[in-house]
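Chemist: Sharing a structure here in structure tokens format.
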Amino acid sequence: MYTVKEAAAMTGLTEHAVRFYTDKGLVPSIQRDKNNIRLFDDESINWLYGIRCLKQTGLPIESIKTYVDLCLEGDSTIAQHFAMMMEYREAALLQLEEAKQRVAHLEEKALQYQAILEQRIPDLTNPGNWGKLLDQDVKVPARRKRMVRSS
């Protein structure tokens, strides 16, 4: 039997994570001694490895709990395991696309700042400067037109 500290060292998890996962019911084979101290056997260690793997997929704790419950039901739920993984795969692909778009935007910004540093274009990145630039008839990214006040 292993302590929380030993289980954490074996699985690469923190002691806090090991306690948290057991408290959430993700380690069905967890045992406790007469003082209510958590004790882990080899099966418990396997569950912790499995949880670590599932966390790396991006599954939230509630979904990991569902997955654990399905595992406990047996092999008849493998199709449901597959469906869960495909659902989170789609979500991860969407996040990847969004990340690629953010990187592309940041690359455009880097080029813009490089041009500003080389004084090839005016600095349009600071909204605090837009009023001054409008006065110089420089087109700024503002979506509003300058109001002309009448006295």
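The values are calculated or read from the model by the stated rules, or taken from the named source; none is laboratory data. Just so we're clear, the structure is a prediction, and the values are computed from it rather than from any experiment. Note that we place each Cβ from the backbone using ideal geometry, even for glycine, and neighbour counts take in every protein chain shown. Please note that ligands, DNA and RNA were not included when accessible areas were found on the heavy atoms of the full protein model with its side chains. Shrake-Rupley method; radii C 1.70, N 1.55, O 1.52, S 1.80 Å.
Chemist: Note down the accessible area of residue 111, probe 1.4 Å, to the nearest 10 Å².
Modeler: Rounded to the nearest 10, the figure is 130 Å².
Chemist: Putting +1 on Lys and Arg Cβ atoms and -1 on Asp and Glu Cβ atoms, find which of 77, 106, 121 reaches farthest to the positive end of the dipole of the chain.
Modeler: 121
Chemist: Sticking with this structure for a sec: Bin by bin, in steps of 5 Å, what percent of the Cα pairs in segment 15-77 do you find, going until the bin that has the longest distance?
Modeler: 4, 18, 29, 26, 15, 6, 2, 0
Chemist: Using θ = phi - 60° and the Karplus form 6.51 cos²θ - 1.76 cosθ + 1.60, what ³J(HN,Hα) does each residue of segment 105-113 get, whole Hz, x for Gly and Pro?
Modeler: 5, 5, 5, 4, 4, 4, 5, 4, 5
Chemist: Projected onto the charge dipole of segment 10-129 (+1 at Lys/Arg Cβ, -1 at Asp/Glu Cβ, origin at the Cα centre), which of 95, 13, 46 gives the Cα projection farthest towards the positive end?
Modeler: It is 13.
Chemist: Something else: Please report, as a whole percent, how much of the solvent-accessible surface of the chain comes from carbon and sulfur atoms (probe radius 1.4 Å).
Modeler: 53 percent
Chemist: Considering only protein heavy atoms, with the full assembly of protein chains and a 1.4 angstrom probe, order 137, 41 by accessible area, largest first. Before the final figure, lay out each step's value.
Modeler: On the way: 137 140, 41 40 Å².
Descending order: 137, 41.
Chemist: On a 0 to 90° scale, report how tilted helix 61-73 is relative to the longest principal axis of the chain, with both axes built from alpha carbons and the result rounded to the nearest 10.
Modeler: Value to nearest ten degrees: 30.
Chemist: Here's another thing I want to ask about it. Sort 54, 93 from largest to smallest accessible area, using a 1.4 Å probe on the heavy atoms of the protein chains.
Modeler: Listed by decreasing accessible area, they come as 93, 54.
Chemist: Once phi is turned into θ = phi - 60°, what whole-Hz ³J(HN,Hα) does the Karplus curve with 6.51, -1.76 and 1.60 give for every residue of segment 28-38, x standing for Gly and Pro?
Modeler: Values, residue by residue: x, 9, 4, 10, 9, 8, 5, 9, 6, 7, 5 Hz.
Chemist: Lysine pairs in segment 1-150 with Cα distance under 24 Å, only those 8 or more apart or on different chains: how many are there?
Modeler: Taking the Cα cut-off of 24 Å, the pair count is 13.
Chemist: Would you please give the residues with an amide H less than 5 Å from that of residue 39, counting only those at least 5 places away or on a separate chain, with H modeled from the backbone geometry?
Modeler: So residue 39 has HN proximity to 31, 32, 33.
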